[in-house]
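Notes to accompany the following structure.
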Amino acid sequence: MQMKPLHIGLLPLYIKLYDDVDPALRTLQMPFLSDAAKALEAEGLTVTVTNVCRVKEEFEQAVALLNEQQVSAVVTLHLAYSPSLEAIDALAGLKAPIILMDTTPTFDFIAAAGAQAIDRNHGIHGVQDLCSMLKRRGIPYRIACGPLADGRVARQVAGFCRAARAAETMRHMKVGLIGGSFDGMGDFRLDAQTLKDVTGAEVVCPDPEELRSLSDAVTDADVDEQLAEDARQYTVEVSAPEHYRSAVKAGLALRRWAERNQIGAVTLNFMQLSKSTGLSKMPFAELSRMMAHGCGYAGEGDALTAALTGALMTAYGTAGFVEIFCPDWARGILLLSHMAEMNVALAEGKPLLTDVPFAFTDAGDTVGVFGRHRAGRAVLVNLAPLQPDRFSLLLTEVDMLTPEWDETALRNQIRGWMKPRMPLPEFLRRFSLAGGTHHSALVYNGDVDSLAAFGEMMGFSVTVL
């Protein structure tokens, strides 16, 4: 999946006094600034470096530039001590989150010790001055600390920048909802106005006539093209080609509607998906395709988790919708599954596209894509609306496993084998005591610190299990 480049600003801070008494010192710090920018670019960020800022007017000009460019985050870098009162008013006007990169150019200070080494490596107390003022003014910020040389501080900064991207995306998310919420499911349910008030995400319900018109516009050639693509990507075992073609037609109509209306996530209530909605088939396979291309999703009309998943996909890429289904007490693991939808970009090997009996509505039998979530380190992310104006974000590090057992009997099922980092009974107990819902997102190679920062940027209550 191709993610939109994450554009950030890098704002270097300095002190005019040093230019007045020793102009050469700033020149010595320029390779440090360049190395910091390159380290951030190596993490996949697109970086705009402002002019070095020393006094109020320079900070105001830099902030105006970064606001104009609509960067997702602003990273500050102290090249030396910089008086906070020169910067604080301008920084208060930033439209993007502030991340302080607390580092210095010299890794082994003792080996380099001397007057010049002190002058070049004392920016950290400028960070302390600025952070104290940011805290006093109530301006949120994040800070990443450590040596530049080993790459960890740049990775921390990049993680916070992705958190900012996820928050920015969720606040502007449009969620396509078909069929309303599943009757009786209460944990994720909330009205569209509350969702918008708390998260910024907007629910959009398609006009059945618009979907029907888009479906009618899908040609046999369009269907054939999708069938050929499926044959390349999946193992296709379909016994009813007419259901498959109808499902593809419905899926392409949904895809085109989402593209036309700039929809970032979708959710469908399969119990209400009938011909009256404008879709002739439940588009399980298309939902999996859309997730693989970066569209958020959640089942059963869950607009909240759909918006969450879409935001995380935009920022982290390797994310998808999951449900905790069954415990295996013997191995201390959990089965992640769902009906026939998964982000197939996260699947191990070649997924199976096959028939799905569907007797819930007049839409009739359809097709779906089935596979196993690949092994790797991940973070399970759950967003629960515990009170009208307070949402709880639950985070826990997990390991996705490669099975050492025969799973032939589950070949036609979505499956992922998740092992929490604590005993299974303890994890389940703590998850439910915290009010976790039965719909979650799974983020491969996510880090808890940046995901917690995302939650805090959104105003959620964050709990790490």
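Of the residues making up the stretch 69-118, those that are of a type in the set (Ser, Thr, Tyr) and over 18 Å from Leu33 (Cβ atoms) are Ser72, Ser84.
Report whether or not Arg374 is open to solvent by 50 Å² or more (accessible area, probe 1.4 Å) and modelled with pLDDT of 95 or more. Yes, satisfied. Residues in the stretch 115-149 that are open to solvent by less than 30 Å² (accessible area, probe 1.4 Å), among the small types (Gly, Ala, Ser) and either without any contact (Cβ under 8 Å) to a residue 12 or more places away in the chain or out of contact with any strand residue (DSSP E or B) (no Cβ under 7 Å at 6 or more places or on another chain) (or both): 2 in all. The set of residues from the stretch 204-222 being among the β-branched types (Val, Ile, Thr) and surrounded by fewer than 16 Cβ atoms within 10 Å (Cβ to Cβ) comprises just one member, Thr219.
Glu41 satisfies every condition listed in (1) over 14 Å from Arg155 (Cα atoms); (2) in contact with a strand residue (DSSP E or B) (Cβ under 9 Å, 6 or more places away or on another chain); (3) open to solvent by 30 Å² or more (accessible area, probe 1.4 Å) except (1). Residues being in contact (Cβ under 8 Å) with a residue 60 or more places away in the chain, closer than 18 Å to Leu334 by Cβ and crowded, with 21+ Cβ neighbours inside 10 Å: count how many of those fall in the stretch 435-461. Total meeting the criteria: 7. A search for C-beta distances below 7 Å between a residue of the stretch 289-307 that is among the acidic types (Asp, Glu) and any residue that is open to solvent by less than 10 Å² (accessible area, probe 1.4 Å), counting only pairs 6+ apart in sequence or on different chains, returns Glu300/Asn269; Asp302/Phe188; Asp302/Thr267; Asp302/His439.
Look at the stretch 19-44: where a residue is of a type in the set (Phe, Trp, Tyr) and a partner is outside any helix (DSSP H, G or I) and open to solvent by less than 70 Å² (accessible area, probe 1.4 Å), sitting 6+ places away or on another chain with Cβ atoms under 7 Å, you get Phe32/Leu79; Phe32/Pro105.
Quick one: in the stretch 141-173, which of the residues that are in a loop (DSSP other than H, G, I, E, B) and within 20 Å of the chain's Cα centre (by Cα) is nearest to Leu79 (Cα to Cα)? Of everything passing the filter in the stretch 141-173, His172 is nearest to Leu79 (Cα to Cα).
Scan the stretch 394-434 residue by residue and report those that are surrounded by fewer than 16 Cβ atoms within 10 Å (Cβ to Cβ) and small (Gly, Ala, Ser). If the condition is that a residue be surrounded by fewer than 16 Cβ atoms within 10 Å (Cβ to Cβ) and small (Gly, Ala, Ser), then Ala409, Ser432 are the ones that fit.
Report whether or not Arg165 is within 25 Å of Ser288 (Cβ to Cβ) and surrounded by 21 or more Cβ atoms within 10 Å (Cβ to Cβ). It is true that Arg165 is within 25 Å of Ser288 (Cβ to Cβ) and surrounded by 21 or more Cβ atoms within 10 Å (Cβ to Cβ). May I ask you to verify whether Val63 is part of a strand (DSSP E or B) and hydrophobic (A, V, I, L, M, F, W, C)? No: the conditions fail for Val63. Among the residues making up the stretch 1-31, those that are crowded, with 17+ Cβ neighbours inside 10 Å and not aliphatic (A, V, I, L, M) are His7, Gly9, Pro12, Tyr14, Tyr18, Arg26, Gln29. Residues in the stretch 325-361 that are of a type in the set (Ser, Thr, Tyr) and within 21 Å of Glu242 (Cα to Cα): Thr354, Thr361.
All conditions in (1) open to solvent by less than 20 Å² (accessible area, probe 1.4 Å); (2) part of a strand (DSSP E or B) hold for Pro385, with the sole exception of (1).
Where strands (runs of 3 or more DSSP E) fall wholly inside the stretch 223-329, the ranges with 3 or more residues that are open to solvent by 10 Å² or more (accessible area, probe 1.4 Å) and farther than 30 Å from Ala164 by Cβ are 235-237, 319-328.
In the stretch 428-463, which residue that is under 19 Å from Arg155 (Cβ atoms) and part of a loop (DSSP other than H, G, I, E, B) is nearest to the chain's Cα centre (by Cα)? Looking at residues that are under 19 Å from Arg155 (Cβ atoms) and part of a loop (DSSP other than H, G, I, E, B), I get Gly446.
Kindly establish whether Asp102 is touching a Cys at 6+ places or on another chain (Cβ under 6 Å) and either farther than 19 Å from Gln70 by Cα or open to solvent by 30 Å² or more (accessible area, probe 1.4 Å) (or both). Considered against the rule, which asks whether it is touching a Cys at 6+ places or on another chain (Cβ under 6 Å) and either farther than 19 Å from Gln70 by Cα or open to solvent by 30 Å² or more (accessible area, probe 1.4 Å) (or both), Asp102 comes out as yes.
Of the conditions (1) within 30 Å of Arg390 (Cα to Cα); (2) open to solvent by less than 50 Å² (accessible area, probe 1.4 Å); (3) outside any helix (DSSP H, G or I), Leu195 fails just one. Which one is it? So Leu195 meets the others, but not (3). Within the stretch 122-140, the set of residues being small (Gly, Ala, Ser) and part of a helix (DSSP H, G or I) comprises Gly126, Ser132. Scanning the stretch 229-238 for residues that are out of contact with any helix residue (DSSP H, G or I) (no Cβ under 8 Å at 6 or more places or on another chain) and either at pLDDT below 95 or acidic (Asp, Glu) (or both) yields a total of 2.
The values are calculated or read from the model by the stated rules, or taken from the named source; none is laboratory data. Please read these numbers as outputs of a predicted model, since none were measured by experiment. Neighbour counts run over all protein chains shown; Cβ positions are idealised from the backbone, glycine included. With ligands, DNA and RNA removed, areas are computed over all heavy atoms of the protein, side chains included. Shrake-Rupley method; radii C 1.70, N 1.55, O 1.52, S 1.80 Å.
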